[in-house]
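Contents: one structure, followed by commentary.
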Amino acid sequence: MLSAAAELASAGVTLFQYRNKSGSARQMLDQARELRSRLPGSVKLIMNDRADLCLAAGFDGVHVGQDDLSPESVRKIIGPDRWLGVSTHNPEQLAEADMTSADYLAIGPVFSTSSKEKPDPIVGLEGVRRGRELTRKPLVAIGGITRINAASVISAGADSVAVISDLLRDPGKSAEEFFRILR
């Protein structure tokens, strides 16, 4: 499955995260290389969870969750020049992740989401506001983000939003609308 993190507005960068929780390493690498060949170089490709595949596919960074390798372990693998993002689900996790070498932090789920089998508790817009108070790093809101609620999430303090389900319905049209909303 592919997921997209829409524009990191504060940095003017478009991130696209490749996320595949069930494929073999070989399949994931093949898909990642195909993705790299199809997207313009201006799009920063982020590998979910797998620092090894990030390097093998020539991606621009890695995004890890709370149960993955630690941010500092990933940083040792990918080096200082690639992006590193960390998902958080409460103020304590966000404050801890803020002290790492992560380049950006994610907070959520902001709203109810169907893209995870066992989602963490919803943080809501108040969780985004609190997250903004806890870090100066770019903050990406995750979980249940749609074209309808994206502007409110940005207003609450997120620099960017991560989107999955709302892009799947009509990817091209949805992406265009998201970029229009977020600019």
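Exactly one residue out of R26, R36 is among the charged types (D, E, K, R), in contact with a Leu (Cβ under 9 Å, 6 or more places away or on another chain) and farther than 21 Å from I107 by Cα, and it is R36. Considering (1) surrounded by 16 or more Cβ atoms within 10 Å (Cβ to Cβ); (2) modelled with pLDDT under 95; (3) within 30 Å of V128 (Cβ to Cβ); (4) not β-branched (V, I, T), the lone condition that L69 does not fulfil carries the number (2). Quick check: is even one residue across the range 80-94 of a type in the set (F, W, Y) and buried (at least 21 other Cβ atoms within 10 Å of the Cβ)? Yes, some residue in the range 80-94 is of a type in the set (F, W, Y) and buried (at least 21 other Cβ atoms within 10 Å of the Cβ).
A single member of D81, D52, D30 is in a loop (DSSP other than H, G, I, E, B) and free of Cβ contacts under 8 Å to residues at least 60 places away in the same chain, and it is D81. For the range 141-183, which helices (runs of 4 or more DSSP H) that fit wholly inside it have 3 or more residues that are under 15 Å from R129 (Cβ atoms)? Of the helices (runs of 4 or more DSSP H) lying wholly inside the range 141-183, those with at least 3 residues that are under 15 Å from R129 (Cβ atoms) span 150-155. Here E7 fulfils each of the conditions (1) among the acidic types (D, E); (2) out of contact with any Leu (no Cβ under 8 Å at 6 or more places or on another chain); (3) at pLDDT below 95 apart from (2). Test A156 against the stated conditions and say whether it is surrounded by fewer than 24 Cβ atoms within 10 Å (Cβ to Cβ), more than 16 Å from the chain's Cα centre (by Cα) and either hydrophobic (A, V, I, L, M, F, W, C) or at positive phi (or both). So A156 passes the test.
Here is the figure for the range 130-140: residues that are surrounded by 15 or more Cβ atoms within 10 Å (Cβ to Cβ) and either part of a helix (DSSP H, G or I) or in contact (Cβ under 8 Å) with a residue 40 or more places away in the chain (or both) total 7.
The values are calculated or read from the model by the stated rules, or taken from the named source; none is laboratory data. Please read all numbers here as calculations on a predicted model, not as lab measurements. Note that we place each Cβ from the backbone using ideal geometry, even for glycine, and neighbour counts take in every protein chain shown.
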